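Asker: My questions all concern the structure below.
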Amino acid sequence: MSVDKFDVIVVGGGPAGSAAAYTLAKAGVKVAVVERGERCGCKNMTGGRLYGHSLKRLIPDYEQRAPLERRITKERVSFVTRRGATSLEFSCRGLGGKQAASYSVVRAKFDDWLAREAEAQGAFYINGIRVDDLVVRNGKVCGIAAGEDSLEADVVILADGANSLLGQKLGLVKPLQPKEFAVGAKEVIRLGRGTIEERFSLSGGEGCAWMFVGEPTGGGMGGGFLYTNEDSVAVGIVATVSDVGYSGKSVAGLLDDFVSSPLIAPLIEGGELCEYSAHLVPEGGLKMMPQLYGHGVMLCGDAAAMVMNLGYVVRGMDLAIESGRLAAETYIELAARHDFRPEALRLYRKKLESSFVLREMRRHRGAPKAFASRGVFTRLPVLAEDVMKAMFTVDGVNTSGLPVKVLAAAKKYGFGQLARDMLRLLTSV
Ligand SMILES: Cc1cc2nc3c(=O)[nH]c(=O)nc-3n(C[C@H](O)[C@H](O)[C@H](O)COP(=O)(O)OP(=O)(O)OC[C@H]3O[C@@H](n4cnc5c(N)ncnc54)[C@H](O)[C@@H]3O)c2cc1C
């Protein structure tokens, strides 16, 4: 293979980049992936759960091939205050059947596997090289530059993740806005398979996904999470950058407090810390989405802000994989005409519009604004606690019935405020 000119160069070997490379290589397109990490996945981070539907479209038998940790069969959401937690648990063997299965994943293993799958189809990976710039001639992106070297292609796919500096250089992506990004920090703690199954009441291969709202971020926008891997748990915090100061603690401080809280500490007791990582998450939703294509260039995954954080569900990897696949299909359709002008690449947006990616991002476009009111992080955990306390306190003093006690809790919250918070949430998430 000649290495000085490719049909397509993909920047970034995360899920978006490797999904694009896999699709292109499978169709016989000459594609190179340039990844700054020595191995794909070594720079990457996620909370931990992959919704498998878009990977299934790409690799139908992925469940037999991919390094998946545990199939999620138990969902928990906890509203946490300084005093306690109100938790909702949904546990079901049938959760996530067939198309809707979801799994905890470790990105160092998962991204490396996906890259090898793409390589097996014929994609050419160049690891350990950071792309510094794009080669642009007469307004068209013609390749990439790394140090003194450059590489040419008909089309460049930017899958370089959150805060795409290359997208910014092209003027397609806005510079980072603190209210549109969150910082995620997590610890991976090895406990052993048996201990995990015992502590989380799981049986062989089943996993738990647990989201925390309120106290873990000190009432600031964001939340805590815990995912069970095969023999470790991933525990972390995601906090909106512009709101980090709200609690008066740093993200690292929030994470320290979270892992040592009475809710988490007993679950990870005796475990061995084997990873600590932090990463940006684009959380501004549809409103922060950049121009998705230019002359000779397409953006996918986090580079295009394709992430949905709805509090109870966090999604980025399934959108990354689907958008990478659709960017590749766009190239394949346009290759015969050799027309990669923006007018032609508009086809990529059309494909995204008819896929779940833009349909769901549009449906949930109000979520960032609903969360910005902070009600869900400050008032809602207290309301949940007040209602639960009223339900379960038996003291022979307060003899009112449950409806009266619930109304008293709602009054404390403020009826108007409660109605506004609920409306905001229900119409956006
Ligand atoms: C704390 C946290 C929790 C999350 N939880 C979940 C979850 O549970 N489920 C879920 O679906 N999503 C989750 N997400 C989001 C998910 O991780 C991302 O949406 C997903 O990784 C995006 O994939 P991507 O391929 O677009 O970008 P990335 O995975 O970020 O990959 C980008 C790649 O580009 C490379 N790169 C960047 N710049 C260059 C350059 N100049 N030259 C060469 N290479 C470059 C990077 O090294 C990286 O490998 C979470 C994110 C965080 C941070």
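The values are calculated or read from the model by the stated rules, or taken from the named source; none is laboratory data. Bear in mind the structure is a predicted one, so any value in this text is a computation, not a measurement. Using ideal geometry, Cβ is built from the backbone for each residue, glycine included, and neighbour counts are taken over all protein chains shown. Protein only, heavy atoms only, side chains kept; ligands, DNA and RNA dropped before computing areas. Shrake-Rupley method; radii C 1.70, N 1.55, O 1.52, S 1.80 Å.
Asker: Between helix 375-392 and the chain, what is the angle of the helix's C-alpha long axis to the longest principal axis, kept within 0 to 90° and rounded to the nearest 10?
Answerer: Roughly 40 degrees, rounded to the nearest 10.
Asker: Using the alpha carbon gyration tensor of the chain, what are the three equivalent-ellipsoid semi-axes (square root of 5 times each eigenvalue), largest first, in whole Å? Don't skip to the answer; put the middle values down first.
Answerer: Details: eigenvalues 343, 110, 70 Å².
Square roots of five times the eigenvalues give 41, 23, 19 Å.
Asker: Taking the chain as a Gaussian network, Cα atoms linked when under 10 Å apart, which of Tyr227, Tyr413, Tyr51 shows the biggest mean-square fluctuation?
Answerer: Tyr413
Asker: Express in whole angstrom the spacing between the alpha-carbon centres of the range 83-105 and the range 125-179.
Answerer: So the two Cα centres are separated by 38 Å.
Asker: Let me ask something additional. Please report the projected area of the range 181-282's Cα convex hull averaged over all directions, in nm². If you can, show how the numbers build up before the last one.
Answerer: Details: hull surface 24.0 nm².
With every direction weighted equally, the projected area is 6.0 nm².
Asker: Further question: Using only the alpha carbons of the range 370-428, what is the convex hull's orientation-averaged projected area in square nanometres?
Answerer: Numbers: hull surface 16.5 nm².
That works out to 4.1 nm².
Asker: Can you return the lysines within cross-link range of Lys351? Criterion is Cα-Cα under 21 Å, with same-chain partners fewer than 8 residues away left out.
Answerer: Within reach: Lys26, Lys56, Lys287.
Asker: Right, next: Which shape class applies to the range 1-154: rounded if a/c is under 1.5, otherwise prolate when a/b exceeds b/c and oblate if not, where a ≥ b ≥ c are the square roots of the Cα gyration tensor eigenvalues? Mind showing how you got there, number by number?
Answerer: On the way: a/c = 2.99, a/b = 1.95, b/c = 1.53.
The shape class here is prolate.
Asker: Then there's this: I want to make sure I understand the PRE zone here: with the label point 7 angstrom from the Cα of Arg420 toward its beta carbon, which residues in the range 196-227 have backbone N atoms less than 14 Å away?
Answerer: none
Asker: Efficiency by 1/(1 + (r/R0)^6): what FRET value for Ala408 and Phe90, r their Cβ-Cβ distance, R0 = 30 Å, to the nearest 0.05?
Answerer: Efficiency for this residue pair is about 0.60.
Asker: Applying the Karplus parametrisation 6.51 cos²θ - 1.76 cosθ + 1.60 with θ = phi - 60° to the phi angles of the range 393-402, what ³J(HN,Hα) value in whole Hz is obtained for each residue in order, glycine and proline being reported as x?
Answerer: Result, rounded to whole Hz: 8, 10, 10, x, 9, 7, 9, 5, x, 4.
Asker: If I model a spin label at Ser201 and Ser242 as a point 7 Å from the Cα along the Cα→Cβ vector, what separation in nanometres do I get?
Answerer: In this crude label model, Ser201 to Ser242 measures out at 4.1 nm.
Asker: Taking Cα atoms, how many degrees apart are the long axis of helix 15-26 and the longest axis of the chain, rounded to 10 and kept between 0 and 90?
Answerer: 40 degrees
Asker: Also: Enumerate the amide H contacts of Leu50 below 5 Å, restricted to partners 5 or more residues apart or on another chain; note that Pro and chain-start residues carry no placed amide H.
Answerer: Tyr103, Ser104, Val105
Asker: What percentage of the solvent-accessible surface of the chain, computed with a 1.4 Å probe over protein heavy atoms, is contributed by carbon and sulfur atoms?
Answerer: That fraction is 54 percent.
Asker: How many Å² of accessible area per residue for the chain, probe 1.4 Å?
Answerer: Numbers: 18600 Å² over 429 residues.
Ligands and nucleic acids excluded, the result is 43 Å² per residue.
Asker: Right, something else. Rounding to the nearest 10 and keeping the result within 0 to 90°, find how far the Cα-based axis of helix 317-335 lies from the longest principal axis of the chain.
Answerer: Tilt relative to the chain: about 20 degrees.
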